[in-house]
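> Have a look at this one.
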Amino acid sequence: VEMRAKKTGDIREICELVHPDTGIITSIGPQHLNTFGSIENIIHTKFELADEVQNNGGMLYLNLDNPYIAAQADGYTYKGYGAENPDCAVSAKDISVSRHGLSFTAVAGGREIPISTKLLGMHNVLNILAAVAVCSDLGLSDTDIRYAANRLTPVGHRLQMKPFYNGAILIDDAYNANPAGSLEALRVLGSFAPMKRIVVTPGLVELGVRETDCNRALGEACAEYADQIIFVGQERSKPLLEGAQNKGCDLSKIQ
């Protein structure tokens, strides 16, 4: 069960239906701030799952690469996973990306599991590490884990890699409205150098008072990772353009 939320109490309400004894908290960030009101409310809401799992005597799996999650973890019984933290129960090494997707080695309790997947982005490395942690505790074999990872397909319009004209690649991330996810999409785009990299974006929405700052940061990342930039729309193009100019982007690259 994926537990999504737009206001405090949403996850607690779902927990009252599901009664989970296993829980994974994958990420916390400034999404839906216009309905949550503050990052503190988002943290509290995400950890409604942790409270329920602990009350049920179950196991919690936490992404310790996320600073909000790591800071809130004390007091809970959990297993940590993280691409950037070798002290976690499950971590990754030898991460590489190509037009075929991601490959890396998952390290879990002394075992090394080679992973190849059609998915893109560091968040998907982390999602697979979470799955490796849970599947290992459920007794699945390394072969089963490798096979399942290889069979994964992208969610539509979320870092979905598609063939395009004349050997070009289209990376469709049109559904993404998460600041961290959008920056990761641009880092993925950057990894395709020396191919010419073109980004088309209307910016980020539903971020309340942080919307302008997040779009400015997105514009800076566009300047860093793209060779040609197309900003769509009038209002959000303003902070996007400011961000790109902050990075010294040549205006000839921007439309």
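The values are calculated or read from the model by the stated rules, or taken from the named source; none is laboratory data. Given the structure is predicted, the values throughout are model-derived calculations rather than measurements. Every residue, glycine among them, receives a Cβ derived from its backbone with ideal geometry; neighbour counts consider all protein chains shown. In case anyone asks, the SASA skips ligands and DNA or RNA and just uses the protein heavy atoms, side chains included. Shrake-Rupley method; radii C 1.70, N 1.55, O 1.52, S 1.80 Å.
> Express in Å², to the nearest 10, the accessible area of Tyr147 obtained by rolling a 1.4 Å probe over the protein heavy atoms while all chains stay in place.
Its heavy atoms expose roughly 140 Å² to the probe.
> Taking 7 Å along the Cα-to-C-beta vector as the label spot, tell me the Thr77-Leu251 distance in nanometres, rounded to one decimal.
6.3
> Looking at the chain only, what percent of DSSP beta bridges run antiparallel? Nearest 5 please.
Close to 55 percent.
> Could you work out how far helix 237-246 tilts from the main Cα principal axis of the chain, as a 0 to 90 degree angle to the nearest 10?
Tilt of helix 237-246: around 90 degrees.
> Still on this structure: Tally Lys and Arg at +1 and Asp and Glu at -1 over the other residues with C-beta under 14 Å from the C-beta of Arg111: what net charge comes out?
Cβ neighbours under 14 Å give a net charge of -2.
> Which shape class, rounded, prolate or oblate, goes with the chain when its Cα gyration tensor gives a ≥ b ≥ c as root eigenvalues, a/c under 1.5 marks rounded, and past that a/b bigger than b/c marks prolate?
Oblate.
> While we're here: Quick one: Karplus J couplings for segment 90-96, per residue in order, coefficients 6.51, -1.76, 1.60, θ = phi - 60°, nearest Hz, x for Gly and Pro?
9, 9, 10, 8, 6, 7, 9
> If you don't mind, another one. Using a 1.4 angstrom probe with every protein chain in place, what is the largest-first accessible-area order of Lys238, Lys196? Before the final figure, lay out each step's value.
Numbers: Lys238 115, Lys196 145 Å².
Result of the area sort, largest leading: Lys196, Lys238.
> To continue, here is another question. Run the dipole for segment 160-255 about the Cα centre, Lys and Arg Cβ at +1, Asp and Glu Cβ at -1, nothing else charged, and hand back the magnitude in debye, nearest 20.
Around 200 debye, computed over segment 160-255.
> Also: Given the DSSP H assignment, sum -39500 (n - 2.57) over each helix run of at least 4 residues in the chain and divide by its residue total; what's the result at 222 nm in deg cm²/dmol, nearest 500?
It comes out at -12000 deg cm²/dmol, rounded to the nearest 500.
> Just to confirm the filter: which trypsin sites (Lys or Arg not before Pro) across segment 74-115 are DSSP coil and have at most 15 other Cβ within 10 angstrom of their Cβ?
Arg99
> Now for a separate question. Give the separation of the Cα centroids, segment 1-65 to segment 189-240, in Å.
Centre-to-centre (Cα) distance: 29 Å.
> What net charge is computed for the residues neighbouring Glu224, neighbours being all others with C-beta under 15 Å from the C-beta of Glu224, Lys and Arg scored +1, Asp and Glu -1?
Value of the local net charge: 0.
> Let me ask something else. Heads up, I need the accessible area for Phe104: 1.4 angstrom probe, whole protein in place, Å², nearest 10.
10
> Where does helix 142-151 land angle-wise versus the long Cα axis of the chain, in degrees 0 to 90, nearest 10?
30
> If you line up the long axis of helix 122-137 against the longest principal axis of the chain, both from Cα atoms, how many degrees apart are they, to the nearest 10?
Relative to the chain, helix 122-137 is tipped by roughly 10 degrees.
> At 7 Å along Cα-to-Cβ for each site, give me the label-to-label distance between Phe192 and Asp227 in nm.
1.1
> Could I have the simple spin-label model distance between Ile95 and Val1, label points 7 Å from Cα toward Cβ, reported in nm to one decimal?
In this crude spin-label approximation the distance works out to 3.1 nm.
> So, one more: Let me check against my output: what whole-number percent is the relative contact order of segment 28-134, with C-alpha pairs under 8 Å and at least 6 apart? Could you put the intermediate results ahead of the total?
On the way: 164 pairs, mean separation 19.6, N = 107.
The normalised contact order for segment 28-134 reaches 18 percent.
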